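Below is one structure, written out as structure tokens; the observations come after it.
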Amino acid sequence: MTIATADLYDERGDDLDSVSTQFLDLGGREAFDGPVRTIRCHRDNGLVKQILATAGEGAVLVVDGGGSLASALMGDLIAASAVRCGWAGVIIVGAVRDRAALAELPLGVKALGSNPRKSAKDGVGEVDVPIRIGDVTVHPGRHLWADRDGILVER
């Protein structure tokens, strides 16, 4: 990512939505951007693992975990797979685990928090559906930019 989200908003604000939900920056890459893929799941990271093991081609996976912090939807092994497969970043409306290891990986990671408890692996959920983060709808295929200031999404 070569432009800060604040500067990008100054240039293109009418074309962008700004996510007001506050996330922790947990990955080794603080600024990232790319086309969006989405997953909606609750305390089950089977789909997260499956999708991040496919060619990311610079995409950003946005996971709607319903805001649950009861179990982690991604840890270091799944994140390392995402790096190998070329994903730019992962944003999780929920929890992750292995924070120290995530911070060492060249991957953007934003999440609401962390929990060492692992989640189910049944693969229950939906892929590439519009999801809401606060008052912003995130559509698959639209572009997303993230840095320490926040998250911007194409309308």
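The values are calculated or read from the model by the stated rules, or taken from the named source; none is laboratory data. As the structure is a prediction and not an experimental result, all values here were calculated from the model. Neighbour counts run over all protein chains shown; Cβ positions are idealised from the backbone, glycine included. Surface areas here come from the heavy atoms of the whole protein model, side chains and all, with no ligands, DNA or RNA. Shrake-Rupley method; radii C 1.70, N 1.55, O 1.52, S 1.80 Å.
Key figures for this structure:
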item: Near pairs, Cβ below 7 angstrom, 6+ apart or cross-chain, from region 67-95 (part of a loop (DSSP other than H, G, I, E, B) and open to solvent by less than 10 Å² (accessible area, probe 1.4 Å)) to any residue that is at pLDDT 95 or above and among the polar types (S, T, N, Q); result: 71/115; 71/119; 73/45; 73/119; 74/45
item: Flag if residue 98 is at pLDDT 95 or above and out of contact with any helix residue (DSSP H, G or I) (no Cβ under 7 Å at 6 or more places or on another chain); result: no
item: Those residues of region 40-66 which are closer than 17 Å to residue 118 by Cβ, out of contact with any Ser or Thr (no Cβ under 9 Å at 6 or more places or on another chain) and part of a strand (DSSP E or B), in sequence order; result: none
item: Identity of the residue in region 102-155, of a type in the set (Lys, Arg) and in a loop (DSSP other than H, G, I, E, B), that ends up most open to solvent (accessible area, probe 1.4 Å); result: 148
item: Residue within region 54-77 that is within 20 Å of residue 22 (Cβ to Cβ), among the small types (Gly, Ala, Ser) and touching a Leu at 6+ places or on another chain (Cβ under 8 Å) present; result: yes
item: Pairs where the first residue, in region 1-17, is in a helix (DSSP H, G or I) and the second is of a type outside the set (A, V, I, L, M, F, W, C) and buried (at least 18 other Cβ atoms within 10 Å of the Cβ), C-beta under 7 Å, 6+ apart; result: 5/147
